[in-house]
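A short write-up of the structure that comes next.
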Amino acid sequence: MSDEPTSFAFDAEAEAAIAKILPRYPEGKQASGVIPLLYQVQYQMGRQTGSAWVPRIAMDVVAERLGMAPIRVYEVASFYFMFNLKKMGRYHLQVCGTTPCWLRGSDEVLRACRDAGGLKGYGDSSADGLFTLSEVECMGACVNAPMLCIDEDYHEDLNYERTVALIEALKRGERPAPGSSIGRQTSAPEGGPIVLVEG
C-alpha cells in the first residue's frame, strides 16, 4: 500500500507516555500494554501527519518493544474499532446510527456530514483530506442523542443545521467545545433541570 510508511520510531512525547505506561505491568507481562502503545502510535501519527492511524510498520515496532509476535499486535489492532488501520482525514467524523440516535435524527447528522464535508458516505474521505466518515455503534450518549464523535470529542443534541455549523467551524481551523450543542447541562432535560432547584 503506497500510504504505508517504511519506518516508524516513537517520538519524545510518545516515549514519555510509554515510560509511564509500561511500569504498570509486571515483568514478563508487558504484552498487556499493547492497547496503550497502539494508542500512542495513533496519537503520534495524528501529531506528525494530521492523520491519526496505525501503520503496519508501527505495529511491528510495538511488537518488538513488548517482546511479542507481530501477528498478536495485528490481531489486537484489527479487532478493536478505535484503531484506524488506514490513513484518515484530519477529522474523523463518527456518526452513531444506533436506535436512540436514529430515532432522534442521526440520518440528518449523516446528511449534514455528507453535504458539508464533501463525503459520499460511510468509509469515504473528503478530497481535501479534512474528513473521514464512519458509522459507529452506541457510544453511550443516548440521553443527548443524536451525537457525532469527532476524533475523541462527543458533540450531542445535533440536528442538520448544528452539524453543518460544526463542520464549517472545523474547516476554518476552529475546534468547537464538545458536549451539548444546545447548552444542555450534562444529562438534564431540555430546558434545564426540573428537580432539586430553588423555587
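The values are calculated or read from the model by the stated rules, or taken from the named source; none is laboratory data. Please read all numbers here as calculations on a predicted model, not as lab measurements. As a convention, Cβ positions derive from the backbone with ideal geometry for all residues, glycine included, and neighbour counts pool all protein chains shown.
Would it be correct to say that Glu108 is among the charged types (D, E, K, R), part of a strand (DSSP E or B) and either within 30 Å of Ala188 (Cα to Cα) or touching a residue at least 60 places away in the same chain (Cβ under 8 Å) (or both)? Step through it out loud before you land on a result.
Values: among the charged types (D, E, K, R): yes; part of a strand (DSSP E or B): no; either within 30 Å of Ala188 (Cα to Cα) or touching a residue at least 60 places away in the same chain (Cβ under 8 Å) (or both): yes.
So Glu108 does not fit the description; no.
Listed residues Ala169, Ala165, Ala177, Ala127; which is over 19 Å from the mean Cα position of the chain (by Cα) and closer than 24 Å to Arg47 by Cα? Give the steps one after another, and end with the answer.
Working: Ala169 fails: over 19 Å from the mean Cα position of the chain (by Cα); Ala165 fails: closer than 24 Å to Arg47 by Cα; Ala177 fails: over 19 Å from the mean Cα position of the chain (by Cα).
One residue alone meets the criteria, Ala127.
Could you check the range 180-194 and list, in sequence order, the residues that are polar (S, T, N, Q), closer than 20 Å to Ser106 by Cα and more than 21 Å from the chain's Cα centre (by Cα)?
Within the range 180-194, Ser187 is the sole residue that qualifies.
Can you pull out the residues in the range 1-55 that are in a loop (DSSP other than H, G, I, E, B) and within 22 Å of Leu133 (Cα to Cα)? Full working, then the answer.
Going through the range 1-55, the residues in a loop (DSSP other than H, G, I, E, B) turn out to be 1-11, 25-29, 50-55.
Hits for the range 1-55 are Met1, Ser2, Asp3, Glu4, Gly50, Ser51, Ala52, Trp53, Val54, Pro55.
Let's see how each residue does on (1) assigned by TED's automatic domain parsing to the domain that holds Cys113; (2) in a strand (DSSP E or B); (3) modelled with pLDDT under 80:
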site: Leu166; (1), (2), (3): yes, no, no
site: Gly183; (1), (2), (3): no, no, no
site: Gly192; (1), (2), (3): no, no, yes
site: Glu198; (1), (2), (3): no, no, yes
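Kindly provide the set of residues from the range 1-44 that are without any contact (Cβ under 8 Å) to a residue 40 or more places away in the chain and touching a Pro at 6+ places or on another chain (Cβ under 7 Å), ordered by number.
Within the range 1-44, just Ile21 meets the criteria.
Within the bounds of the range 87-102, is there any residue that is part of a helix (DSSP H, G or I), buried (at least 23 other Cβ atoms within 10 Å of the Cβ) and touching a residue at least 24 places away in the same chain (Cβ under 8 Å)?
Checked against the condition, which is being part of a helix (DSSP H, G or I), buried (at least 23 other Cβ atoms within 10 Å of the Cβ) and touching a residue at least 24 places away in the same chain (Cβ under 8 Å), the range 87-102 yields at least one hit.
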